[in-house]
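> Next up is a structure, given as structure tokens.
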Amino acid sequence: MKHIRYDNLTSAVTKVIYGAGRQRVENERWVLFGSHYGFDAFYCEPGIKGAHEKGGVEGEVGRFRRNFLTPVPAVASLLELNEKLRVWDEAEDRRRISQRIRTIGQDFAVEQPLLSRLPAEDFDPGLILTPRVDRSSLVTIRSTKYSVPVRFINRKVRVSLRATEVRIFDGRTLIASHPRSVARGGQCVQLDHYLEVLRIKPGALPGSTALAQARESGEFTPAHDAFWAAARRTDGDADATRQLIDVLLLHRTMDARDVIDGIGAALGIGAVSADVVAVEARRVAAERSAPGWVRPDCHPGAKADVLEHRVLSLTDPAAVIAGLPPDKRPLPSVAGYDELLKHRAKSSPTAPVKEQVS
């Protein structure tokens, strides 16, 4: 068992037992964490008595705080702060201590092979909870509601409550992930979780909380709004909303960039069909995956000599008409059939009807 020295951090130590040496009451999750990674925590003596045990750790913490955290950085979230810390840590790897020949990163590279290997499976540091999904497809965690896909209504799920994230599982399968909210009575919902229900009840979409949060987060883009508006002009509210939901379902299997480009291509030819968006999105995805791909509209003359072949949905009359070239053929005529009827009338005069006598 390896020993790692700690200064009685509150996230690990529930209670310091004074007068009993280094005995501590440890947090249950901390015990599981140490068992998973195979180390034993060695706790320093509190106060002046254990000051010599901490070495230069506290001095290094103070130096880092003065250099990088003074003044306190302004960030929008813990994720942004963690990203800043990662950049600063990489900068520290390039620093030399005093007159040493190697940098901190180079010295660590020498020692790294001597460290124990990590376990094959990661440890889940979150608090495990098992709430039940309510009729609105929400689970309540610490007075905040989080959405899951509607097929899990009235089922118990497993939740990993982390510092910045809430991860929700059905068994071992991850079914939803949300940034953790600290607002009491708040809601974090994802539009994708309700698409199957909204397709049956399209009138519930415009005023839904899920749509409002999708717009706020940027997942529901102006391209989606433009497609929805164009579809409503031709198909009416209900059918237009169903077409929009079919487009949103494409995001489950396709890259968001490709779907949005597919929407733009469909609107460019006047087609408000999810089938057309899917075909155009796949075409854009295939072009992007091709080696040496360059965006076709990056230069005004880039498409001057390119003949594009677009596949249209035969189930959408508007899409078919918009994608066809102008028809220059004359209108059909039945004049020839009229002539035939005239000839038939002349060659077969009406014969007298003979009475049948029994």
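The values are calculated or read from the model by the stated rules, or taken from the named source; none is laboratory data. Computed from a predicted structure; not experimentally measured. Cβ sites come from the backbone with ideal geometry, for glycine too, and all protein chains shown count toward neighbours.
> Scan segment 178-225 residue by residue and report those that are of a type in the set (D, E, K, R), in the same structural domain as ILE153 (by TED's automatic domain parsing) and loosely packed, with under 11 Cβ neighbours inside 10 Å.
Answer for segment 178-225, where residues must be of a type in the set (D, E, K, R), in the same structural domain as ILE153 (by TED's automatic domain parsing) and loosely packed, with under 11 Cβ neighbours inside 10 Å: just ARG184.
> Still on this model: Need the failing condition index for GLU28 against (1) over 26 Å from LEU127 (Cβ atoms); (2) at pLDDT 80 or above, just the number.
All conditions are met except number (1).
> Looking at (1) at pLDDT 90 or above; (2) within 30 Å of PRO179 (Cβ to Cβ); (3) surrounded by 10 or more Cβ atoms within 10 Å (Cβ to Cβ), which one does ASP124 not meet, given that it meets all the others?
For ASP124, the failing item is (1).
> For segment 235-346, give me every one of the helices (runs of 4 or more DSSP H) that falls completely inside it and has 1 or more residues that are under 30 Å from PRO206 (Cβ atoms) and modelled with pLDDT of 80 or more.
In segment 235-346, the matching helices (runs of 4 or more DSSP H) lie at 237-250, 256-268, 274-289.
> Taking the criterion of being among the charged types (D, E, K, R) and surrounded by fewer than 16 Cβ atoms within 10 Å (Cβ to Cβ), would at least one residue in segment 146-153 satisfy it?
Yes - at least one qualifying residue is present in segment 146-153.
> Then there is this: Exactly one of these conditions fails for THR173: (1) of a type in the set (Val, Ile, Thr); (2) closer than 14 Å to VAL189 by Cβ; (3) surrounded by fewer than 18 Cβ atoms within 10 Å (Cβ to Cβ). Give me its number.
THR173 satisfies all of (1) of a type in the set (Val, Ile, Thr); (2) closer than 14 Å to VAL189 by Cβ; (3) surrounded by fewer than 18 Cβ atoms within 10 Å (Cβ to Cβ) except (2).
> Right, next: Find the residue count for segment 55-82, including only residues that are over 23 Å from SER116 (Cα atoms) and in a helix (DSSP H, G or I).
The number of residues fulfilling the criteria is 16.
> Being among the acidic types (Asp, Glu) and at pLDDT 85 or above is the filter; apply it to segment 34-84 and report the residue that is surrounded by the fewest Cβ atoms within 10 Å (Cβ to Cβ).
Only one residue fits best here, namely ASP40.
> Could you go through segment 80-96 and let me know if any residue there is acidic (Asp, Glu) and farther than 30 Å from VAL166 by Cα.
yes
> VAL166: of a type in the set (A, V, I, L, M), closer than 14 Å to ARG132 by Cα and in contact (Cβ under 8 Å) with a residue 24 or more places away in the chain, yes or no?
no
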